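Notes for the one structure printed next.
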Amino acid sequence: ILYVLTFPILFSGGYVANSLAIMTDALHMLTDLSGIILTLLALWLSAKSPTKRFTFGFHRLEVLSAIISVLLVYILMAFLLYEAVQRTIHMDYEINGDIMLITAAVGVAVNLIMGFLLNQSGHLHSHSHSHSHVPQLNSSNAAHSSSHGHSSLAVRAAFVHALGDLVQSIGVLVAAYIIRFKPEYKIADPICTYVFSVLVVLTTIRILCDTGVIILEGVPRHLNVDRIKEDLMKIEDVYSIEDLNVWSLTAGKTTAIVHLQLVPGSSSKWEEVQTKAQQLLLNTFGMYKCYVQLQSYKQEVSKTCASCQSSSA
């Protein structure tokens, strides 16, 4: 709510003052607002039940929203950069130092309040969930426990980001102070736009990379497929791993499908092996959902030989 109320004030204040630095600062605030909205969207979608058509649920809507919001930010940033280049070349512009100074001060105050709120939220969240979670085999329980850690990390990440925004807002305030009392140094305004545009790109580039990996159904950056295979092979009575697929439904919700072959003569232990494999994937590697398929080694060999003989005949 604070960002929703402040963004139009900053942007319109920058427009009235004819300050690109203020508008770029507001644009950076828009990226923060998008991140918060996406986090809330993810929490809301995680509570919705899958349908007959969307059997995995609606988690990918978060990814779609992230791409749209980043593209919107890039379009606005491209316009501001174009204006900054024109100002640098021609220097035919005037800035209202008083309005710029007041608007910049509002930006600093908002980021101070936001940092304080996020810091308090992070402490309250960590205290309220400080108890240890007992490992569960049920995927919904595992997902529930991991969601607490995920949202706690999200709050802490937002707090760190708010500190970066505070530094940026202070930079705008310094530029506004210089322009207010030394109008001949108005070049500070487009220079701030260049610097803050780089910060916006650095903030959003990882979002684009992560959403690209999710859309292409790649393995999340924090997981190593070889490590997962090694740990699965350590389970007693597992002969081989025929297939392993790992991908993300959305950020923080990883899914895995694994096809295991049992050693000869151990088909009666399939339930124990499946339980251990599920426990490994859900608790050790933090999967949101996992599907473990088991197959007897002897049955697979005889089935393959029979199909080969029938095809050769």
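Check whether at least one residue in region 208-220 is open to solvent by less than 50 Å² (accessible area, probe 1.4 Å), among the polar types (S, T, N, Q) and over 30 Å from Gln86 (Cα atoms), and report yes or no. Yes: region 208-220 contains one or more residues that are open to solvent by less than 50 Å² (accessible area, probe 1.4 Å), among the polar types (S, T, N, Q) and over 30 Å from Gln86 (Cα atoms). Among the candidates Leu40, Leu61, the residue that is in contact (Cβ under 8 Å) with a residue 12 or more places away in the chain and assigned by the TED database to the domain that holds Gly13 is uniquely Leu61. When we screen Leu27, Leu10, Leu45, Leu71 for residues that are part of a helix (DSSP H, G or I), of a type outside the set (Lys, Arg), open to solvent by 50 Å² or more (accessible area, probe 1.4 Å) and not assigned by the TED database to the domain that holds Ser248, the only hit is Leu71. When the test is whether a residue is in contact (Cβ under 8 Å) with a residue 24 or more places away in the chain, outside any helix (DSSP H, G or I) and open to solvent by less than 40 Å² (accessible area, probe 1.4 Å), Gly35 does not pass it.
Yes/no matrix, rows are residues, columns are (1) loosely packed, with under 13 Cβ neighbours inside 10 Å; (2) under 30 Å from Ala42 (Cβ atoms); (3) modelled with pLDDT of 90 or more:
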| site | (1), (2), (3) |
| --- | --- |
| Arg227 | yes, yes, yes |
| Lys234 | yes, no, yes |
| Ala277 | no, yes, yes |
| Cys290 | no, yes, yes |
| Tyr297 | no, no, no |
| Gln309 | yes, no, no |
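Of all residues in region 48-68, those being hydrophobic (A, V, I, L, M, F, W, C) and open to solvent by less than 20 Å² (accessible area, probe 1.4 Å) number 2.
Listed by first and then second residue, the pairs with beta-carbon distance under 7 Å, at least 6 apart or on different chains, first residue in region 188-200 and more than 12 Å from Ala175 (Cβ to Cβ), second in a helix (DSSP H, G or I) and not aliphatic (A, V, I, L, M), are Ser197/Thr24; Leu199/His28; Leu199/Gln168; Val200/His28; Val200/Thr31. A Cβ distance below 6 Å, combined with a sequence gap of six or more or placement on separate chains, defines the contacts here; from region 79-99, residues that are closer than 19 Å to Phe181 by Cβ reach residues that are surrounded by fewer than 14 Cβ atoms within 10 Å (Cβ to Cβ) in the pairs Ile99/Val16.
When you scan region 203-218, do you find a residue that is assigned by the TED database to the domain that holds Thr31, over 30 Å from Phe54 (Cβ atoms) and not basic (Lys, Arg), even just one? Looking through region 203-218, at least one residue is assigned by the TED database to the domain that holds Thr31, over 30 Å from Phe54 (Cβ atoms) and not basic (Lys, Arg).
Restricting attention to region 189-202, the residues being β-branched (Val, Ile, Thr), under 21 Å from the mean Cα position of the chain (by Cα) and open to solvent by less than 40 Å² (accessible area, probe 1.4 Å) number 1.
A single entry from Leu208, Leu173 fulfils the requirement of being in contact (Cβ under 8 Å) with a residue 60 or more places away in the chain, in a helix (DSSP H, G or I) and either over 28 Å from Thr250 (Cβ atoms) or touching a strand residue (DSSP E or B) at 6+ places or on another chain (Cβ under 9 Å) (or both): Leu173.
The values are calculated or read from the model by the stated rules, or taken from the named source; none is laboratory data. Because the structure is a prediction, the values reported are computed rather than measured. When we count neighbours, we look across all protein chains shown, and the Cβ atoms used for this are built from the backbone with ideal geometry, even at glycine. To get the accessible areas, we keep the full protein, side chains included, count just its heavy atoms, and leave off ligands, DNA and RNA. Shrake-Rupley method; radii C 1.70, N 1.55, O 1.52, S 1.80 Å.
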